[in-house]
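Single-structure report; data block below.
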């Protein structure tokens, strides 16, 4: 592909840079011996059977292959672009050249550089100026773990000036081979745009993944995140909202569940650069069995961000004595004229609540799930779309049942 | 007819023995009252029958139609036909009252035979109206932000919907004004019949004016020390617990004696 020469150049540069960079730091998680190195040859099976629940996505990618995709005609007529990485390189090089790496610089850390060097599929979503996409764009990225191979997926979502779009992504794994996944999502929310981004991750037990999702948010633009971190493997998640413009807003609502002996570390960051920018983090996590979940919430208000608002709430609930969890709120304030606040808690499930529910005949596991649902309720109710709320709820329930069945 | 039998029940909490050999027999069709001064083990009795993990049974048995409840988990006891209206019902955000009660009923039915939502709501609303409850309370989170009186009504509502064989009502009258007491009593009286038995735990005679018991037991010092008809409750109301204690020659200190 002639058009992609510039991109090959970037990839070569990233590959050269990677060894000189450090891995990102996750508080209280020792990931030194995690297999996050990329390099296992891609050999996606084009015939791999797809679970029926993923059949009705607008775009379905399995490993490095795009299996199906149907963009509605009305969107196409409005100039909306939804395409896979190969087509983006071929037909929309101008957009990629302009925006690729804007939210996640390739040299941010070793893992972002390795990612850029090894991208094997991805998606470009572009919503032109003043266009409102009413129906959500739904996509699924399935990792092919039927063989030993990396899964390196890049998402670039651009909401141009005064546009609005709702995007819902599912990540999952087919197969049980131990593999590495590297997912980077860049959201570019240009002035006055509205982006609703929902991501529900359920990568497999043998998957070790670095997942980075970053939004760059311009003046009066707003990004709503709803993330279900429901993967079963070893996960490092790095989620940032960079509030660049005056009056920009980000709402980061995150639910995480860990089961078995998995480890999940999540850094959720809001950087307020713009005046009167507003960033809220709300993350609740549930920890079963011997698993670990560490939440760091970081609110950083930069000098000059007058009137900025940075709020966060991080809570974890542990269901067993062997569970390990932490919720650390960190506020860094470099300007005087700001509103900032945080709340955090690490607690165990309330025995009296369980007793009460069971005294009405409800079995213990169901009672536990009801108490957990109550704990996660404040995050679920903040998710603006009813569809996403329902799907997130169903996936939470499913993961909890899978977790309880391991006992 | 069903039978709930408590034999020689000893119960400790945090290493301290509270019940020191309680014997009671209850049949469906009967309503019993347990009266007694503060700190005498009445709530311990109800919580240990239900299986609250904070209480340890050290001796004795509790059987329902011959089956030992003490071998069962809390939810199994409930499904065997036991219900406890709690003194301090837990608040659980995130699950609505209606969802919860529907779930509790369905936990007693085969998985493929859930009670249809329409039938459930019809019955729920009828019972709520009977208990002077606002229908919107069915959509509020379980006991979340309910007043003391609302929680008590909600306990009775659950009992009416679940229809247990035996209900233990632990101070269902505490914190209620006369109007609410009448409403709660109306609920209990509606349940009264050959398939339902109740054990009402109370300090005061007042509840027993509205729900007249067949048998009154008096507990002191972790034991049942006297038994009689409704007239026994009336006598306690006029004479107090200390007179009965002295008549029986018991050496028990009443918690609130000096107050």
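Start at zero, step by 10 Å, and the Cα-Cα distances of segment A:2-349 spread as 6, 25, 35, 26, 7, 1 percent across the bins.
Taking a ≥ b ≥ c as the square roots of the eigenvalues of the alpha-carbon gyration tensor, segment B:84-142 is classed oblate because a/c is 1.5 or more while a/b is no larger than b/c.
Modelled spin-label separation between residue A:206 and residue A:12, with each label point placed 7 Å from Cα along the Cα-to-Cβ direction: 3.6 nm. Helix B:117-130 and the long axis of chain B differ in direction by around 50°, with both axes built from C-alpha atoms.
Taking 56 Å as R0, compute the FRET efficiency from the Cβ-Cβ separation of residue B:129 and residue B:73 and round it to 0.05. That pair, residue B:129 with residue B:73, gives E of 0.95. Counting only DSSP H runs of at least 4 residues, each contributing -39500 (n - 2.57), and dividing by the residue count of chain B, the helix-based mean residue ellipticity at 222 nm comes to -10500 deg cm²/dmol. Helical runs assigned H by DSSP (4 residues or longer) give chain A a calculated mean residue ellipticity at 222 nm of -6500 deg cm²/dmol, each run adding -39500 (n - 2.57) before division by the residue total.
Label sites at residue A:107 and residue A:382, each approximated as a point 7 angstrom past Cα along Cα to Cβ, lie 3.5 nm apart. Take every DSSP beta bridge whose two residues both sit in chain A; close to 5 percent of them are antiparallel. Modelled label positions at residue A:148 and residue B:186, each set 7 Å beyond Cα in the direction of Cβ, lie 7.5 nm from each other. Largest mean-square fluctuation among B:249, B:197, B:103, in a Gaussian network model of chain B whose springs join Cα atoms under 10 Å apart, belongs to B:249.
Shape class of the protein assembly as shown from the Cα gyration tensor (axes a ≥ b ≥ c, square roots of the eigenvalues): prolate, since a/c reaches 1.5 or more and a/b is larger than b/c. On the principal axes of its alpha carbon atoms, segment B:65-178 extends 39, 33, 26 Å, with the longest extent given first.
Considering only A:224, A:107, A:201, the Gaussian network model of chain A with Cα springs below 10 Å gives its largest mean-square fluctuation to A:107. For chain B, the alpha-carbon coordinates run over 58, 40, 35 Å along the three principal axes, in decreasing order. Taking every residue in A:362-371 and counting other chain Cβ atoms within 10 Å of its Cβ, the average works out to 4.
Computed over chain A with a Gaussian network model linking Cα atoms closer than 10 Å, the most mobile of A:291, A:64, A:320 is A:320.
A convex hull fitted around the alpha carbon atoms of segment B:163-259 yields 115 Å³ per residue. Sorted ascending by nearby beta carbons within 10 Å, beginning with the fewest, B:120, A:151 become B:120, A:151. Building the convex hull from the alpha-carbon atoms of segment A:40-121 and averaging its projection over directions returns 7.2 nm².
To the nearest ten degrees, helix B:230-239 and the longest principal axis of the Cα atoms of chain B are 60 degrees apart.
Using a Förster radius of 30 Å, what is the FRET efficiency between residue B:206 and residue A:350 based on their Cβ-Cβ separation? Nearest 0.05, please. Please list the in-between numbers first.
Details: r = 33 Å, r/R0 = 1.10.
Efficiency for this residue pair is about 0.35.
Using R0 = 51 Å, the C-beta based FRET efficiency linking residue A:335 and residue A:406 works out to 0.60. Rounded to the nearest 10 degrees, the angle from helix B:148-162 to the longest Cα principal axis of chain B is 70 degrees. Averaged over peptide B:71-77, the number of partner chain Cβ atoms lying within 10 Å of each residue's Cβ comes to 5.
Any read-out appearing in this document is the output of simple, stated calculations on the displayed coordinates, not a laboratory observation. The shown structure was predicted, so the numbers you read here are calculated from the model rather than taken from an experiment. No Cβ is skipped: glycine too gets one built from the backbone with ideal geometry, and neighbour counts run over all protein chains shown.
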